[in-house]
Structure formats: C-alpha cells, structure tokens
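Here's the structure we're looking at; comments come further down.
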Amino acid sequence: MAVYRRSTRTRYVLAVLVLAALTLVTIDARSNGSGVTSEIRGKVHDVFSPVQRATHSALQPVGNFLTGALDYGSLRQENQRLRDQVIALQNQSAQSTAEQAAADQVLRQQGLPWVGAIPTRTVQIIDNGSSNFENTVTINKGTTSGLAKGQPVVAAGGLVGTVASAGSRTAVVTLITDPTFSVGVRLDAKNIGYAQGFGRNDPLRVSVITTNAAVPTLKKGQVLLTSGLDSELYPPNIPVGKVVDASRAPGSVEPDITLQPLVDLNELTYLQVLLWAPQ
Amino acid sequence: MSPHATARLRIAVLLFIAILIESALGSDMRVGGVAPDLMILLTICAGLTGGAEAGAWVGFWAGLMADLFLTSTPLGLSALTYCLIGAGVGALRTAVIPERRLVVPLAAFVGTAAAVLLFVALGDMLGQTQLLDAGRSWLIRVAVIEACWSAVLSLPVAWVYGRAARGSVGAEQLGMIGSGVVRGERLPLR
C-alpha cells in the first residue's frame, strides 16, 4: 500500500515538473528572445559573472593542464615546430609577458580598416561556453556599456559573431560557426549569397541567392566580405572567411561553397563589439 | 534543520558548484569538440541513489540551471529532458537495475546518450530545428563522447553526490550508504 502511495506521488511530482518545464518552454518560445525569460537569463549572467570570472581564474591552470592532456597527440607535432620557432625567437628581444600579449591583441584590434567610423567597444571573454549544441561565448560588458542584441562582433581577422543577448554587465555572443548564425556575403560584383554556420570546427556553407546573373566563379583562398545590403544585419566589407572549396557537383548549377572563418575561434580573448544597428 | 532539509541544501550547493565548474572548465575538456555535461551526470546519480522522484526533482533543477546559461534553445528544454531522464533512471533503478558497482558507469553512459538524443528530439518537436543542422554524425559524436565522459566521471561524481544526499528521503528509501552506490533490495515494479 505504501509503495502504491509513493508511486502515485512520484507520478504526480513528475507530471507537475513536466508541466512546469513545458510552460517555461512555451513562454520563452512565444517571447522570441525578448521577454521575461531572456531578462531572467541576462540577470543570472550578470549575477554569476563575478563568481564565474573568479572560478575561471582559479581553475585556469587545471583547464590548461586538461587541454594539454587531451591534445597530447597534436601537441607532440606542434612541439617540434615550436622548438624551431623558439630558436629563431631567442635572437630577438622578446618581452612576452601575458599582459604584453593581451595588450598586443587589443592593439591589433584598434583601427581595423573595415570598421571605418563605426564606434566600437573592446570586450573580454569570461566564459567560453560548454554547450555541445550552441557555439557562444560570454563577454564582460553589457547594456551599460552600450551593447545591444544584434550588434556585430569582430576581432583582428574579421567577423566573429553577433550579440545574442545582453544583460546590464555581461552579454552572450553567438559565434559564426553556430547553426543559428547566418550572414549575407558578396560573391562577386553581381552575385550575393549567405553564409551559415554548421557547428564547431566545421566550415561555413554558402548558399548562392539565385539571380539572372552568371553563376559566380570563386577561387580557393578568396576572402568573402559581408554584403551590407539594405536592412542587412551587418555593415558592409567585414571579412567573413576564406573559400575552402567552391566545386560544382555534377548536374548542379550552383557551386558548393565552404568558408573557413578568418578568426581562430578557439583562441579568442579580446573582441570588438561594433555599436551598429541595421540601417 | 531536519536531515531531509539539510540534504536538499547540500544537493542545491552541489548543483551550483557543478554549474560553475562546468562553465569554467567545460570548454577546456572538449574531446573532438564535445564537452562533458556534469548536470546530466548529477541527475543520473540522483536517480540511482534516490529513485524516480529524486531523479525528477534534481533533473528539473539541474536542467533549469543549464538552461540559464544557454541562449539559442528555450528556457525549460533541458529541465524537461533531464527531469524525464532522472525519473527514468530512478524508476529503472528501483525496478530492475541490480546492485553492482559497474552499474553506475553503465547507467551514466546509457543515461547521458539517451539525454542527448531526447534533448534534440524534444527540441526538434518544439521547433528548435537548428539542433539538427550540424548533421546526424555530429549528433552521434556528441552522444557517444558525452556518454563516455559521463562513464569516466561517474564514480567520483556519484561518490560526491552520495555524500551530499545522505539523509534525503529517496536515499533512505533505497538504503543508500553514502558511497554513491546503493545497497538496497530491488523494489517491486511500480
């Protein structure tokens, strides 16, 4: 009898929790990323950010050790290459402190030619994201620094992503490899397309927007830039990626174009957020 | 404070610490681009040590905490997934899973793989089609590697969870001894 009562209670609890979860999903899906649930997420990021930063700093040596241990195979090859580099570098006067490297990274991002007159904010990544289904990073500035949802994020090489949500002191950036990310790119003088992310470590795929113009011919290694058309979400001429492949499948009219991001998304520390809104 | 309330508080603190560790170290622990998921592992441990009800409760809160750190999937999707997995593992534990030390890594492996697939399936049903955009091979890779991570981490995490859950209702019912491995008789099928 006791087991029966317990079992009934378990079913009741499970039903209530499932309903609560479904209610949250419905509210969040209906608010479309701008309702009370996204506000809660932003607030939680703000509250957590100091603790997150402290935990990240405290556990960084462990993280570095784990990264090294898990990449042992590739590290051996890289080790040889680095030994050669070290010999060359010993002949130069190198003040390679961590602060110097960080300052260099920030300086490299100042005066990026394709940013033009758009005002920017320099931000630092405080969380690299641990989800296996979304490629995001959390940065240390939010709405109080002028950041807003939808603003483009760049680094020295080119486009990095877009601000997905902004709390008052932190914001989440969706990287260009995330499957939800897409950006218009100019293929040649007459053709445009859009590049879409397909997951971490995978290249972006470009879909050609069909027009009456001749099919674009792209060369391997060619850099594609944002198209910047009217109502486009990104300003024009920001480098997006390098063409890895632009071959045409038999029987296909349009080429299968894949792009490698110009920025190494695994080695990001500082970023520039463009305080820009679609025109 | 009663032992039950103290146990709940310890579990809440453990979940909080786990999410912090995951956000700080998760990206450094990627193998083949896939990171471990401590929250689903704690959910499975809760089901194993406390039964279906404890698994559902811990799964709901663990999933909700994980949801708060995501942006592209709706709030509540992980909570729904983990809650169902926790309840499922707990129900199986009380009904059919025998008492063996090997059960913990095995349950962690199967439970985590099931959680990944259920998360994507529920997400797809709820309109989150981007979860499948990376392709089936990526999904299988995530399920297998994440499950392996859970199996590897399961014994220490189950031990820690077992210590935290001492005195909780579910743990008492199943005769948990605090090592994360349960020592109870099989309960009648519910």
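Compactness ratio of chain B: Cα Rg over 2.2 N^0.38 Å, N = residue count?
0.97
Might you report the magnitude of the Cβ-based charge dipole of the range A:206-279 about its Cα centre, with Lys and Arg at +1 and Asp and Glu at -1, to the nearest 20 debye?
Rounded to the nearest 20 debye, it is 240 debye.
Counting Lys and Arg as +1 and Asp and Glu as -1, each charge on the Cβ, what is the dipole of the protein assembly as shown about the Cα centre in debye, to the nearest 20?
Computed charge dipole of the protein assembly as shown: roughly 1140 debye.
Counting only other residues whose beta carbon sits under 15 Å from that of A:His56, what net charge do I get with K and R as +1, D and E as -1?
-2
May I ask which of A:Lys149/A:Lys219; A:Lys190/A:Lys242; A:Lys149/A:Lys220; A:Lys149/A:Lys242 have a Cα-Cα span longer than 25 Å here?
Distance filter (> 25 Å) returns A:Lys149/A:Lys219; A:Lys149/A:Lys220; A:Lys149/A:Lys242.
What's the local net charge at A:Ser34, with K and R +1, D and E -1, over the other residues with C-beta under 13 Å away?
Residues near A:Ser34 contribute +1 overall.
Check which residues have an amide H placed less than 5 Å from A:Asp127's amide H, if you skip close sequence neighbours.
Close amide H contacts, sequence-distant or interchain: A:Thr138.
Per residue, what volume in Å³ does the convex hull of the Cα atoms of the range B:1-81 enclose?
Taking the convex hull of the Cα positions in the range B:1-81, it is 100 Å³ per residue.
Using each residue's phi in the range A:35-48, evaluate 6.51 cos²θ - 1.76 cosθ + 1.60 at θ = phi - 60° and report the 3J(HN,Hα) Karplus result to the nearest Hz, with x for Gly and Pro.
Once θ is set to phi - 60°, the couplings for the range A:35-48 become x, 5, 5, 6, 5, 4, 4, x, 5, 4, 4, 4, 5, 6 Hz.
Please compute P(r) over all alpha-carbon pairs of the protein assembly as shown, binned at 20 Å starting from zero, and give each bin as a whole-number percent.
22, 51, 23, 3, 0
One-quarter of the Cα convex hull surface for chain A, in nm²?
22.6
From the residues A:Gly158, A:Val263, A:Thr122, which one has its Cα farthest along the dipole of the range A:120-274 in the positive direction, the dipole being from +1 and -1 charges on Cβ of Lys/Arg and Asp/Glu about the Cα centre?
The listed residue farthest towards the positive side: A:Thr122.
Whenever you get a sec, line up B:Ile21, B:Ile44, B:Ile140, A:Ile118 from highest to lowest accessible area (probe 1.4 Å, protein heavy atoms).
Of B:Ile21, B:Ile44, B:Ile140, A:Ile118, the descending order of accessible area is B:Ile140, B:Ile21, A:Ile118, B:Ile44.
Ordering A:Arg41, A:Arg248 from largest to smallest accessible area (1.4 angstrom probe), what's the sequence?
From most exposed to least exposed: A:Arg248, A:Arg41.
Roughly how much of B:Thr6 is accessible, in Å² to the nearest 10, using a 1.4 Å probe?
50
Only four residue types carry charge here, +1 at the Cβ of Lys and Arg and -1 at the Cβ of Asp and Glu. Report the dipole size of chain A about the Cα centre in Debye, rounded to the nearest 20.
780
Beyond 17 Å, what percent of the Cα pairs of the range A:106-190 remain?
When every Cα pair of the range A:106-190 is considered, 50 percent fall beyond 17 Å.
With the dipole of chain A worked out from charges on the C-beta (+1 for Lys and Arg, -1 for Asp and Glu) around the Cα centre, which of A:Ser74, A:Gly193, A:Thr10 lies farthest toward the positive end?
Farthest towards the positive end: A:Thr10.
Roll a 1.4 Å probe over the protein heavy atoms and report the accessible area of A:Glu267 in Å², nearest 10.
The accessible area comes out at roughly 120 Å².
From the alpha carbon gyration tensor of the range A:149-279, can you work out the equivalent ellipsoid semi-axes (sqrt of 5 times each eigenvalue) and give them in Å, largest to smallest?
Ellipsoid half-lengths, sorted descending, are 26, 16, 12 Å.
Using amide H atoms built 1.01 Å from N in the peptide plane, name the residues 5+ places from A:Val185, or on other chains, whose amide H lies under 5 Å from its own.
A:Gly193, A:Tyr194, A:Ala195, A:Ser227
Counting only residues 5 or more places away or on other chains, whose amide H sits under 5 Å from the amide H of A:Ile257 once H atoms are built in the peptide plane?
Correct list: A:Val206.
Would you rank A:Leu262, B:Leu41 by solvent-accessible area, highest first, keeping every protein chain in place and using a 1.4 Å probe?
A:Leu262, B:Leu41
Say the dipole of the protein assembly as shown comes from +1 at the beta carbon of Lys and Arg and -1 at that of Asp and Glu; which of B:Ala5, B:Gly55, A:Thr177 then lies farthest toward its positive end?
Positive-end residue among those listed: B:Ala5.
May I ask you to evaluate 6.51 cos²θ - 1.76 cosθ + 1.60, the Karplus curve with θ = phi - 60°, for each residue of the range B:87-97 and list the ³J(HN,Hα) values in order in whole Hz, giving x for glycine and proline?
Taking θ as phi minus 60°, the curve returns 5, x, 4, x, 5, 5, 4, 6, 9, 10, 6 Hz for the range B:87-97.
Per residue of the range B:129-143, what does 6.51 cos²θ - 1.76 cosθ + 1.60 with θ = phi - 60° give for ³J(HN,Hα)? Whole Hz please, x for Gly and Pro, Karplus curve as stated.
5, 5, 5, 9, 5, 6, x, 5, 5, 5, 4, 5, 4, 4, 4
The values are calculated or read from the model by the stated rules, or taken from the named source; none is laboratory data. Quick caveat, the model's predicted, so the values are computed rather than measured. Neighbour counts are summed over all protein chains in view; Cβ atoms, including those assigned to glycine, are modelled from backbone coordinates with ideal geometry. Each accessible area value is taken on the protein alone, full model and side chains, heavy atoms only, with ligands, DNA and RNA left out. Shrake-Rupley method; radii C 1.70, N 1.55, O 1.52, S 1.80 Å.
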